[in-house]
There are 2 protein chains.
Amino acid sequence: MSRLHRYLIVVAGGRGLRMGASVPKQFLTLAGKPVIFHAIDRFLDYDPAIELVIVLPEDSKGLWEELCIQYDFKSAHNIVTGGEERYNSVRNGLSLIRQKSLVAVHDAVRPFVSTETIDKCFTVAAEKGNAVPFIKPPGSVREIFRNNRNRPLKREKIALIQTPQVFRSDILLAAYARAYRPDFTDDATVVEAAGHNINLVPGNPENIKITTKLDMILAETILTINYEL
Amino acid sequence: MSRLHRYLIVVAGGRGLRMGASVPKQFLTLAGKPVIFHAIDRFLDYDPAIELVIVLPEDSKGLWEELCIQYDFKSAHNIVTGGEERYNSVRNGLSLIRQKSLVAVHDAVRPFVSTETIDKCFTVAAEKGNAVPFIKPPGSVREIFRNNRNRPLKREKIALIQTPQVFRSDILLAAYARAYRPDFTDDATVVEAAGHNINLVPGNPENIKITTKLDMILAETILTINYEL
């Protein structure tokens with residue numbers, strides 16, 4: 001079988017700069033380069049031919065163009081507009097998939113995914129239809145119920161899910177053709193609802209999701225020390 | 001009701017330096033001070049009268065004495081020997097509890113617990129008998145079954161558990177008087193097995209468990225920037 005074409009859909013936040021919110025983390029600079037470019041470069045390092053689909057909130061497109069000029073980002077890429085929910089953003093990105101392929105969906109705020117993680121996801125997805133990276137929780141885990149009730153979960157049975165989540169395009173397109181459900185928190189849940197078993201593969205611990213100021217500071221450190229990803 | 005006396009049991013690892021392992025993280029230096037002293041100082045800052053019980057592996061006691069001299073650690077403290085499992089270590093620490101009190105059990109490798117987290121745990125434990133801090137997972141979560149099967153868990157129902165876990169001494173002593181079970185991964189599970197509901201309280205995100213080299217590097221950054229805990 002010849003190698004399948006690869007797409008990368010980068011999900012860069014839903015609401016963007018509206019309502020006086022601070023600049024979304026994916027556009028902040030990390031060691032001299034916006035977070036989202038770090039994330040994209042990880043995939044270009046892995047496969048320079050990967051086709052880029054960037055999903056941006058409408059009101060972030062101007063900022064994106066400025067950043068591309070300012071940081072000399074010249075890789076060919078497609079831009080589509082994000083939706084209210086992550087589900088809508090990915091679905092809009094999928095409108096640009098034009099051939100049978102493997103599609104990686106990645107959070108723009110995960111700049112430290114390793115080449116090994118990317119490779120494992122693509123390899124397993126090519127073989128089994130999908131692949132989703134995870135790490136084990138660092139300590140004990142509990143499930144919370146109503147009325148202050150909770151119970152322990154077995155740590156070794158819990159997977160903290162990362163991205164990229166990689167799928168054969170036919171599977172992902174068919175899954176996203178179905179109606180939205182509120183429990184679609186990521187692509188894995190969408191594809192699972194279409195009847196597929198999700199294949200978990202080991203992620204890398206540094207593949208953090210940057211959502212807080214502390215995360216940004218830690219991210220800066222990871223880059224400063226040139227930590228081996 | 002007069003305020004209850006407070007104990008801190010610091011659990012400093014089971015196996016220590018045996019079998020040629022590298023130095024346990026709790027004895028490594030972080031911004032000029034061993035991790036374990038950072039952890040203890042958080043509690044002394046909160047309550048200078050807290051009574052310290054340090055649980056050490058037999059073969060780390062020499063190192064501990066050297067560190068106390070080298071880093072001028074002069075706070076009064078009791079030392080007990082750790083056991084094979086965390087359960088045994090805590091149980092040994094409990095042998096020194098001599099009065100009705102509140103007992104905090106804390107990982108030596110969590111140097112960044114905030115005063116607010118400590119205070120909430122003691123306050124809720126005084127009122128309800130126990131308190132255990134947690135944070136929400138950063139992204140989607142799955143439960144792993146056999147044969148590559150897994151299913152999504154609701155993120156908002158998942159608690160990643162931290163320490164200190166704080167208990168009324170009578171409750172903790174009675175719980176640890178019962179027989180050991182392999183599913184006792186922390187003190188909460190021990191107390192729960194004795195019939196108590198666990199009270200979850202918000203922890204702080206920086207209250208990480210230092211277990212990897214990357215954790216140490218991130219920890220150094222948190223201290224270097226004097227991040228507000």
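The values are calculated or read from the model by the stated rules, or taken from the named source; none is laboratory data. All values derive from a computational prediction rather than experimental measurement. Cβ: placed from backbone, ideal geometry, glycine included. Neighbour counts: every protein chain shown. Note: areas computed on protein heavy atoms with side chains; ligands, DNA, RNA excluded. Shrake-Rupley method; radii C 1.70, N 1.55, O 1.52, S 1.80 Å.
Hey, does the range A:153-165 have a residue that's under 24 Å from the mean Cα position of the chain (by Cα), part of a strand (DSSP E or B) and in contact (Cβ under 8 Å) with a residue 60 or more places away in the chain? Yes, the conditions are met somewhere in the range A:153-165. Of A:134, A:112, all but one fail to be within 30 Å of residue B:184 (Cβ to Cβ) and under 13 Å from the mean Cα position of the chain (by Cα); the exception is A:134.
Residue A:76 satisfies every condition listed in (1) under 20 Å from residue A:186 (Cβ atoms); (2) small (Gly, Ala, Ser); (3) surrounded by fewer than 23 Cβ atoms within 10 Å (Cβ to Cβ) except (1). For the range B:19-46, what are the residues that are surrounded by fewer than 17 Cβ atoms within 10 Å (Cβ to Cβ) and modelled with pLDDT of 95 or more? Across the range B:19-46, the qualifying residues are B:41, B:44, B:45. Confirm whether residue A:141 is surrounded by 22 or more Cβ atoms within 10 Å (Cβ to Cβ), in contact (Cβ under 8 Å) with a residue 12 or more places away in the chain and within 11 Å of residue B:159 (Cα to Cα). So residue A:141 passes the test.
Taking into account only those residues within the range A:145-160 that are touching a Phe, Trp or Tyr at 6+ places or on another chain (Cβ under 8 Å) and open to solvent by 10 Å² or more (accessible area, probe 1.4 Å), which is farthest from the other protein chains (Cβ to nearest Cβ)? Spell out the reasoning first.
Restricting attention to the range A:145-160, the residues satisfying the condition of being touching a Phe, Trp or Tyr at 6+ places or on another chain (Cβ under 8 Å) are A:151, A:157, A:159-160.
With the extra rule that they be open to solvent by 10 Å² or more (accessible area, probe 1.4 Å), the set shrinks to A:151, A:157, A:160.
Details: A:151: 8, A:157: 5, A:160: 6 Å.
Checked the range A:145-160; the qualifying residue farthest from the other protein chains (Cβ to nearest Cβ) is A:151.
What number of residues within the range B:81-95 are crowded, with 16+ Cβ neighbours inside 10 Å and either assigned to a loop (DSSP other than H, G, I, E, B) or in contact with a His (Cβ under 8 Å, 6 or more places away or on another chain) (or both)? Steps first, please.
Of all residues in the range B:81-95, those crowded, with 16+ Cβ neighbours inside 10 Å come to B:82-83, B:86-94.
Narrowing the set further to residues that are either assigned to a loop (DSSP other than H, G, I, E, B) or in contact with a His (Cβ under 8 Å, 6 or more places away or on another chain) (or both) leaves B:82-83.
The total comes to 2.
All conditions but one from (1) open to solvent by less than 10 Å² (accessible area, probe 1.4 Å); (2) over 30 Å from residue A:30 (Cα atoms) apply to residue A:128; the one that does not is (1). For the range A:175-229, what are the residues that are more than 10 Å from chain B (Cβ to nearest Cβ), assigned to a helix (DSSP H, G or I) and buried (at least 20 other Cβ atoms within 10 Å of the Cβ)? Scanning the range A:175-229 gives A:175, A:176, A:190, A:191.
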